[in-house]
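Q: I have a structure I would like to understand better, so I am pasting it below and will then ask my questions one at a time.
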Amino acid sequence: MSALIEGQQGPWEYAIGLEVHAQVASAAKLFSGAPTAFGADPNTQVSLVDAAMPGMLPVINQACIEQAVLTGLGFGGTIACHSIFDRKNYFYPDLPQGYQISQYTQPIVSGGAIAIPERTVRITRLHLEQDAGKSIHDRDPDRTLIDLNRAGVALMEIVTEPDLRSPDEAAEFLTRLRALLRWLGTCDGNMQEGSLRCDANVSVRRPGAVLGTRTEIKNLNSIRFLREAIDVEGRRQVEIIEAGGGIEQETRLFDPDRGETRAMRTKEDAHDYRYFPDPDLLPLELDGAFIDGIRAVMPELPEARRRRFVKDLGLSDYDAGLLTAERARADYFESAAMGRDTKQTANWVTGELLGRLNKEGLEIEAAPIPAAELGELIDLVADGTLSGRMGREVFEAMWNTRRPAATIVEERGLKQISDTGALESLVDELLTREADKAFEYRAGKTKLLGFFVGQVMKATSGKANPKTVNELLRAKLET
Amino acid sequence: MALDRATVERIAALARIEIAGEEADALAAELGAILGWVETLNEVDTADVAPMTSVGGHSLPWRRDVVDDGGYPDRILTNAPDTAGAFFAVPKVVE
Amino acid sequence: MRRLGLADIRAGLARGEFSAVELVEDRLVALEAAEALNAIVTLMPERALDAARAADRRRAAGEPALPLDGVPIAVKDLFCTECVRTTASSAMLESFVPPYESTVTANLTAAGAALAAKTNLDEFAMGSSTATSRFGPTTNPWKAKGDQRPRAPGGSSGGSAALVAASVLPAGLGTDTGGSIRQPAAFCGIVGLKPTYGRCSRWGIVAFASSLDQAGPMTRNVRDAAILLAAMAGHDPKDSTSAREPVPDFEAALGSGVKNLRIGVPLEYRVDGMPDALDVLWREGARWLAEAGAEIVDISLPHTPYALPTYYIIAPAEASSNLARYDGVRYGLRAPARAIEEQYAHTRRAGFGAEVRRRVLIGTYVLSAGYYDAYYTKAQRVRRLIAGDFEQAFGKIDAVLTPTAPTAAFPLGEKMDDPIAMYLNDIFTVPASLAGLPAISVPAGLDHTGLPLGLQLIGRPFDEATVLRAAKALEAAAGFDAEPEFVR
């Protein structure tokens, strides 16, 4: 997928903006004390407020404010000292109030940016709003079923400027935003469970020309679908324009099975939400001390940490990038590297550990080997107790048995023999038994060293420290 | 302020209130009269006046992030006109 | 027991003159007998008797009495009451039984009160006559001399007002959005107090216009209003607009008199067509207060003429959104339909009466794209000017004295086909609503046909104490002791 679309009449450029809905990581909902956990039985996580019973009133959850502020600070946005909650009025069976409490004219965060390799992507705003419930259309032939467990859960809507120039850039941006949210702990980023959803505003234009008419593709729930949907939508638009048609500003859905987007059943009043300030809530006032307090507990951000890994810990750019893609990964690495060789540790983490996690499709939080225990294994290799090969064998055993390296080494008798005394008698025995070959070596056939080493390793079932064996053999054969 | 029939039909659709055909004209006159009356506000110079969005002088109170509600689907569903298991049920919605 | 007020009941119970159960049983009989007023939507005899029995048990056990022990109370059917249907006098909620209790009614119950009846109101509290109710109009216990036509009790809290005026119950709960406590209080010759916005929790009260709705007491005298308000009020963490102000001892404040209070008389309230009797009564009220030691000051509240149009933009706008939840999905009426959009339109057509539909449409219109700034934002700006008028006036005065309503009670059925004429009922009550100020209506005299007239006192935010003090002085001077024909 190249950045430009090659049309019949020349190249076209994408202009893409994203609207990301990120579920705030909080125990309770935005305006009620009902829980937010995923997968509960229908309507068990619903308060009277969430069901919009007559006379029920919203009270805002402090944690949701804090998470929004932390996220805003994380991408360099400006936190509003004064923001407003508005009602967005529309009817839908899973929207109990008949309006969504959102922020329209005065969001809690304005501005900010996230860098991708190609460019800096400007963020327009972040605002807090309520999620709706869930409509289930395919369980009953005649009826739509409604579960309000999600209704009222806090979302951060993060909107970008139309700065993205290709499906890949959009995918990269969303990957980085997701990593940032997870890094900050403000959203779990789980796209399968719907904790992170994305709408894409897509238009095409001649390179450098003014923005074209955009369409909005709704509810993209994976990064792969985001990329595919933008790709096919851009091509669709180019075909229409090149055929002399015009793009209609509309909302579309992506059908991943058919690989196409199609217009949603449009409603004539779709755009008259009759926003007005929610009279059940007062303006949200944040003072400098509150914002500074959140800034003070903000974790070191990925980019700063990456630079520190290169500069202070001597890692390669590549390793540092890999290790700071997720906060848990960076934490794991730093914990494992505590008091030992950082490059060795980086090799183990990026090589063995990430490789194995990748193979199993696991996140680092689920790694069966704790960072401290990986550190112990690295020490055993560093001090010669284990050879590299043995180290990998022990790693495998640790992964499978969840036991520490020392135990496995002990149990399997895997300890490398580096004791010169023990090896010396073996070597002496060998040279006596293979006196002919020893003679040949001394006559100049030094290639035979490998044979001798192999014999010692064989005699020790591979446990001999090859370096010690080498040194001993040379000493015996060359004097 | 005169309201036309089409406008009345549009706002009735927005408000999801069915209006019978002959009713639209009567409503247009009635609502038009009310809107004409409230338009006396145009006599007031409000150029330098900020809109008053809330009455209370205090700031928005916050609740702590504690789960202390929910867990009573029976109470939620008790007044429902139609249910299916623990779900609310409505006529099929077509996307 | 008919004429006993809250303070009397407290004293009578303390002296053992009667038990709470005796009182409540007596009043339940009176409620049954008051059917002709059509003031009651749902009776709560079991609930009232349970409360009375609990009050008597406490007394028998030597426990300290609660402030409202055994007091039977009328509750406007806009307050949600657990396990007792709450209708807002609307077909939409005709069979709605809340699984929860409003904060205000819970507070009263905790104070020992015996909530005895859910009372009629204008549908969703939208009206000034209690005639837009699903259950038909309530009748004012008062009639004009030589005119047997039934009269409107005012509204929207007309059911509570009628029961209190007819001495069926000693007190009632109302809610006031633009005058819905004060205007019926004036029409029925009782005391009605709208507290400062934020004084009483709105949690569990079916919402009409969130930035204006306030619950308040309706009683036969000022002292009882002070007693009832104290039990209703207080900060509620479940209502974000509930104020954290301490609740003073309102009853104790009544004793301080009005000496050195400065009372403002706003010239803008002297409107064209005001009945002479009302004008005379207003001047008389000022004289009474002056004689009691207050200083009367002419003041100007220049934006008063714009209050009513401002209100009739803001209240319908908020209502159009607050009433969006009545969609037939989770509770309330559902009209049969095959498709969801059809269900919405039919349900809301069948569930809402004409006045509610009218206001929802007006509200939808003023919030819709292209009109929002011209109507809604404009109204919010004028609202600030109106609040500013009061703020400025309160720099030099302590309370404002005005008439409560521009006329005495009108015959039932009048003004029903002219919305604007009906809206004009609220001309004197709406400004304090927009500014969120406490205001009381005190019965001060009768017009030439023998119908009661009320005077209104408006105070500073959270200064109900001063409003009640001045009201007490007015009450004492007026010596209003007339009773409606229904009682005679």
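Taken together, the values in this text are just the output of simple stated rules run on the coordinates, not laboratory data. Computed from a predicted model, the values in this text were never measured in an experiment. A quick note on method: Cβ atoms are made from the backbone with ideal geometry, for glycine too, and the neighbour counts reach across all protein chains shown.
Q: What FRET efficiency comes out for residue C:15 versus residue C:147 if R0 is 56 angstrom and r is the Cβ-Cβ distance? Round to the nearest 0.05. If you can, show how the numbers build up before the last one.
A: Details: r = 43 Å, r/R0 = 0.76.
According to the calculation, E is roughly 0.85.
Q: Between region C:265-308 and region A:20-41, how far is it from one alpha carbon centroid to the other, in angstrom?
A: For region C:265-308 versus region A:20-41, the Cα centre distance is 54 Å.
Q: Out of every Cα pair in chain A, what percent are spaced more than 33 Å from each other? Don't jump to the answer; show the numbers that get you there.
A: Details: 61898 of 114481 pairs.
More than 33 Å apart: 54 percent of the Cα pairs in chain A.
Q: Now for a different question. Work out Dmax and Rg for chain C from the C-alpha atoms and quote the Rg first, both in angstrom.
A: 21.1, 70
Q: Please report how far the C-alpha centroid of region C:418-466 lies from that of region B:8-72, rounded to the nearest whole angstrom.
A: Cα centroid to Cα centroid, the span is 24 Å.
Q: If you take every DSSP beta bridge fully contained in region C:44-162, what fraction is antiparallel? Give it as a percent rounded to 5. Don't skip to the answer; put the middle values down first.
A: Values: 3 of 8 bridges.
Taking every DSSP beta bridge within region C:44-162, about 40 percent pair in antiparallel fashion.
Q: With charges set only on the Cβ (+1 for Lys and Arg, -1 for Asp and Glu), what does the dipole of chain A come to about its Cα centre, in debye to the nearest 20? Working shown, then result.
A: Values: 57 positive and 73 negative charges, 255 e Å.
I would put it at about 1220 debye.
Q: If I fit a long axis through the Cα atoms of helix B:21-38 and take the longest principal axis of the Cα atoms of chain B, what angle between them do I get, 0 to 90°, rounded to 10?
A: Relative to chain B, helix B:21-38 is tipped by roughly 70 degrees.
Q: Starting from the Cα of residue A:311, draw a straight line to each of the lysines and keep only those under 26 Å, dropping any in the same chain fewer than 8 residues away.
A: Partners within reach: A:343.
Q: Which whole-number percent is the relative contact order of region C:1-122 (Cα, under 8 Å, 6+ apart)? Intermediate results must be reported in sequence, preceding the final value.
A: Numbers: 204 pairs, mean separation 38.2, N = 122.
It comes to 31 percent, rounded to a whole number.
Q: With a point put 7 Å past each Cα toward its Cβ, work out how far residue A:159 is from residue A:475 in nm, to one decimal.
A: Modelled inter-label distance: 7.6 nm.
Q: Could you please rank C:163, C:278, placing first whichever residue has the fewest other Cβ atoms within 10 Å of its Cβ?
A: C:278, C:163
Q: Ok, one more. For region C:1-77, what does the equivalent ellipsoid look like in terms of its semi-axes, each the square root of 5 times an eigenvalue of the Cα gyration tensor, given largest first in whole Å?
A: On the way: eigenvalues 107, 33, 21 Å².
The three semi-axes for region C:1-77 are 23, 13, 10 Å.
Q: Right, here's the next one. Counting only other chains, what is the mean number of Cβ atoms within 10 angstrom of the Cβ of each residue in peptide C:385-392? Let's see the in-between values first.
A: Working: counts 5, 2, 2, 2, 0, 0, 0, 0.
Taking the mean over all residues of the peptide, I get 1.
Q: Semi-axes, largest first, in whole Å: what does sqrt of 5 times each Cα gyration tensor eigenvalue give for region A:298-401? List each step's numbers first, then the result.
A: Values: eigenvalues 100, 52, 23 Å².
Rounded to whole Å, the semi-axes are 22, 16, 11.
Q: To the nearest 0.05, how large is the calculated FRET efficiency for residue A:118 and residue B:68 if R₀ is 60 Å and r is the Cβ-Cβ distance? Write out the running numbers ahead of the final one.
A: Details: r = 47 Å, r/R0 = 0.78.
Step by step, r from the Cβ atoms, then E = 0.80.
Q: Just how far, in whole angstrom, is region A:350-405 from region C:79-113 if you go by their alpha carbon centroids?
A: Here the two parts' Cα centres lie 64 Å apart.
Q: Taking the Cα centre as origin and putting +1 on Lys and Arg beta-carbons and -1 on Asp and Glu beta-carbons, what dipole magnitude results for the protein assembly as shown, to the nearest 20 debye? Write out the running numbers ahead of the final one.
A: Values: 114 positive and 145 negative charges, 249 e Å.
Computed about the Cα centre, the dipole is about 1200 debye.
Q: To continue, here is another question. What is the Cα convex hull volume of chain B when expressed per residue in Å³? Present the calculation step by step, with values, prior to reporting the outcome.
A: Numbers: hull volume 25.5 nm³, N = 95.
So the per-residue Cα hull volume is 269 Å³.
Q: Counting other Cβ atoms within 10 Å of each Cβ, which trypsin sites (Lys or Arg not before Pro) in region A:250-330 have at most 11 and sit in a DSSP loop? Numbers along the way, then the final one.
A: Values: sites: A:252, A:258, A:262, A:265, A:267, A:274, A:295, A:305, A:306, A:307, A:308, A:311, A:327, A:329; in loops: A:258, A:265, A:267, A:274.
Those that pass, being in a loop and sparsely packed, are A:258, A:265.
Q: While we're here: Greater than 24 Å separation of Cα atoms is the criterion. Which listed pairs, A:29/A:134; C:76/C:378; A:88/C:76; C:259/C:472; C:396/C:472, meet it? Intermediate values should be presented prior to the final figure.
A: On the way: A:29/A:134 15 Å; C:76/C:378 33 Å; A:88/C:76 30 Å; C:259/C:472 12 Å; C:396/C:472 22 Å.
Where the Cα-Cα span goes over 24 Å, the pairs concerned are C:76/C:378; A:88/C:76.
Q: Suppose a student asked you for the relative contact order of chain C, using Cα pairs under 8 Å spaced at least 6 residues apart; what percent would you report?
A: Working: 1215 pairs, mean separation 86.4, N = 488.
Relative contact order of chain C: 18 percent.
Q: Using only Cα atoms, what Kirkwood radius does region A:11-128 have, in angstroms? Show your work: numbers first, answer last.
A: Values: mean 1/r = 0.0610 Å⁻¹.
One over the average 1/r among Cα pairs gives 16.4 Å for region A:11-128.
Q: If you don't mind, there's one more thing I want to ask. Rounded, prolate or oblate: which fits region C:425-488 when a ≥ b ≥ c are the square roots of the eigenvalues of the alpha-carbon gyration tensor, with rounded for a/c under 1.5 and prolate only if a/b beats b/c? Provide the component values of the computation, followed by the final result.
A: Values: a/c = 2.92, a/b = 1.64, b/c = 1.78.
Note, shape of region C:425-488 comes out oblate.
Q: Let me confirm one metric for peptide C:331-343, namely the mean number of other chain beta-carbon atoms within 10 Å of its residues' beta-carbons.
A: On the way: counts 11, 4, 1, 5, 2, 2, 2, 3, 5, 12, 7, 3, 5.
Mean partner-chain Cβ count within 10 Å for C:331-343: 5.
Q: Please report, largest first and rounded to whole Å, the three semi-axes of the ellipsoid equivalent to region A:102-215, where each semi-axis is the square root of five times an eigenvalue of the C-alpha gyration tensor. Don't jump to the answer; show the numbers that get you there.
A: On the way: eigenvalues 170, 71, 45 Å².
Here the semi-axes work out to 29, 19, 15 Å.
Q: Sorted from largest down, give the three principal axis spans of the alpha carbons of the protein assembly as shown, whole angstrom values.
A: 144, 82, 58
Q: Continuing with the same structure: Mind checking C:85-96 for the average number of partner chain beta-carbons within 10 Å of each residue's beta-carbon?
A: Working: counts 1, 2, 0, 2, 0, 0, 0, 1, 2, 0, 2, 4.
So the per-residue partner count for this stretch is 1.
Q: Express as a percent, rounded to the nearest 5, the fraction of DSSP beta bridges in the protein assembly as shown (both residues included) that run antiparallel.
A: Details: 91 of 112 bridges.
Looking only at bridges with both residues in the protein assembly as shown, the antiparallel portion is about 80 percent.
Q: On to the next question. What is the calculated FRET efficiency for residue A:258 to residue A:372, with r their C-beta to C-beta distance and R₀ = 56 Å, to the nearest 0.05? All intermediate terms of the calculation are to be shown ahead of the outcome.
A: Values: r = 50 Å, r/R0 = 0.89.
Given R0 = 56 Å and the Cβ-Cβ separation, E is 0.65.
Q: Oh, and also: 7 Å from Cα along Cα→Cβ at both residue C:53 and residue B:94: what's the point-to-point distance in nm?
A: With each label point 7 Å from Cα toward Cβ, the separation is 5.8 nm.
Q: What is region A:245-325 by shape, rounded, prolate or oblate, if you read a ≥ b ≥ c off the alpha carbon gyration tensor as root eigenvalues and call it rounded for a/c under 1.5, prolate for a/b larger than b/c, and oblate otherwise?
A: It comes out oblate by the Cα gyration axes.
Q: Quick one: grab the alpha carbon gyration tensor of region A:27-71, order the square roots of its eigenvalues as a ≥ b ≥ c, and give me rounded if a/c is under 1.5, else prolate or oblate depending on whether a/b is larger than b/c. Don't skip to the answer; put the middle values down first.
A: On the way: a/c = 3.67, a/b = 1.32, b/c = 2.78.
Because a/c hits 1.5 or more and a/b fails to exceed b/c, region A:27-71 counts as oblate.
Q: Could you work out the Rg to Rh ratio of region C:53-127, with Rh taken as the Kirkwood radius (inverse of the mean 1/r over all Cα pairs)? Don't skip to the answer; put the middle values down first.
A: On the way: Rg = 14.4 Å, Rh = 13.3 Å.
Reported Rg/Rh, Kirkwood definition of Rh: 1.08.
Q: If you don't mind, another one. Place a point 7 Å from the Cα of residue C:339 along the Cα-to-Cβ direction; which residues of region B:1-44 have their backbone N under 20 Å from it?
A: Flagged as within label range: B:9-21.
Q: Once you have the Cα-Cα distance between residue A:461 and residue A:440, take 0.36 nm times their residue separation minus that, and quote the gain in nm to one decimal.
A: Details: separation 21, 0.36 × 21 = 7.56 nm, distance 2.59 nm.
Between residue A:461 and residue A:440, full extension yields an extra 5.0 nm.
Q: In percent, what relative contact order does region A:407-475 have, based on Cα pairs under 8 Å that are 6 or more apart in sequence?
A: Details: 45 pairs, mean separation 29.0, N = 69.
Worked out over region A:407-475, it gives 42 percent.
Q: May I ask you to list the lysines whose Cα is less than 20 Å away from that of residue A:467, ignoring any residue fewer than eight positions away on the same chain?
A: A:415, A:447, A:458, A:476
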